[in-house]
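See structure below.
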Amino acid sequence: MFLTMDSKFGRFQYALVKVSSQNLSEAIGKLQTAFKALSPDKPFEYEFLDENVRLQYEAYERWMNVMGFSTFLAIVVSCLGVFGLSGLNIVNRTKEIGLRQVLGAGIKDIFVLMNKQYVWLCLIAFVLAVYPAWYAVDRWLSNFQFAIGSTLIWFCASAVAGLVIVLLTTTY
């Protein structure tokens, strides 16, 4: 198959050729001879489609590794912020916690009291972030040839994971 930008046959840009992998060097030699006969002034360059596709996916995988590491760092920094905020909250409410324990409050009641505000903040953050995140994911997935749609299940799973991380951080 010849793909050309010019109407003259001798000025083709790309030739896609399917060859057998058994006699690869012989096939490349024949292709080079045919290419030199058609276009002697241009250098013969070739590449294999499977290697080209593999290189594209390697670049994608490198990008995903960078994004994964950045996400991990963002989660660690946010956990440090929540940890500091909850520590400050506990210090400021030490007398209240002590008084509630004296009056018969259990560990579960103190846990609910201290974490209720963080649960609300997580839910508000989820509501504010779900549409921009859905839009970005939908745009990103539309770039693929065989695109899948984004479902609400993954967003709910990320909200639950974020809530669990916040509860573990504040409980610690």
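Would you call Ser39 hydroxyl-bearing (Ser, Thr, Tyr), open to solvent by less than 80 Å² (accessible area, probe 1.4 Å) and farther than 25 Å from Ala159 by Cα? Taking the combined requirement at face value, the residue satisfies it.
Matching residues to (1) under 16 Å from the mean Cα position of the chain (by Cα); (2) in a helix (DSSP H, G or I); (3) of a type outside the set (Asp, Glu):
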{"residue": "Ile90", "(1), (2), (3)": "no, yes, yes"}
{"residue": "Gly98", "(1), (2), (3)": "no, yes, yes"}
{"residue": "Ile110", "(1), (2), (3)": "no, yes, yes"}
{"residue": "Asn115", "(1), (2), (3)": "no, yes, yes"}
{"residue": "Tyr118", "(1), (2), (3)": "no, yes, yes"}
{"residue": "Ile124", "(1), (2), (3)": "no, yes, yes"}
{"residue": "Val137", "(1), (2), (3)": "yes, yes, yes"}
{"residue": "Ile148", "(1), (2), (3)": "yes, no, yes"}
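When Leu99, Leu123 are checked against the criterion of being at pLDDT 85 or above and surrounded by 12 or more Cβ atoms within 10 Å (Cβ to Cβ), a single residue qualifies: Leu123.
For the stretch 71-85, the set of residues classified as under 24 Å from Ala157 (Cβ atoms) and open to solvent by less than 90 Å² (accessible area, probe 1.4 Å) consists of Thr71, Leu73, Ala74, Ile75, Val76, Ser78, Cys79, Gly81, Val82, listed by residue number. Considering the stretch 150-163, the residues that are part of a helix (DSSP H, G or I) and in contact with a helix residue (DSSP H, G or I) (Cβ under 9 Å, 6 or more places away or on another chain) include one that is most open to solvent (accessible area, probe 1.4 Å), namely Trp154. Taking Asp109 as the residue in question, decide whether it is surrounded by 10 or more Cβ atoms within 10 Å (Cβ to Cβ) and either in contact with a Phe, Trp or Tyr (Cβ under 7 Å, 6 or more places away or on another chain) or of a type in the set (D, E, K, R) (or both). Criteria met by Asp109. Under the condition of being touching a Ser or Thr at 6+ places or on another chain (Cβ under 9 Å) and among the charged types (D, E, K, R), the residues counted in the stretch 26-59 number 0.
The values are calculated or read from the model by the stated rules, or taken from the named source; none is laboratory data. Computed from a predicted model, the values in this text were never measured in an experiment. All Cβ positions, even for glycine, are placed from backbone atoms using ideal geometry, and neighbour counts span all protein chains on display. To get the accessible areas, we keep the full protein, side chains included, count just its heavy atoms, and leave off ligands, DNA and RNA. Shrake-Rupley method; radii C 1.70, N 1.55, O 1.52, S 1.80 Å.
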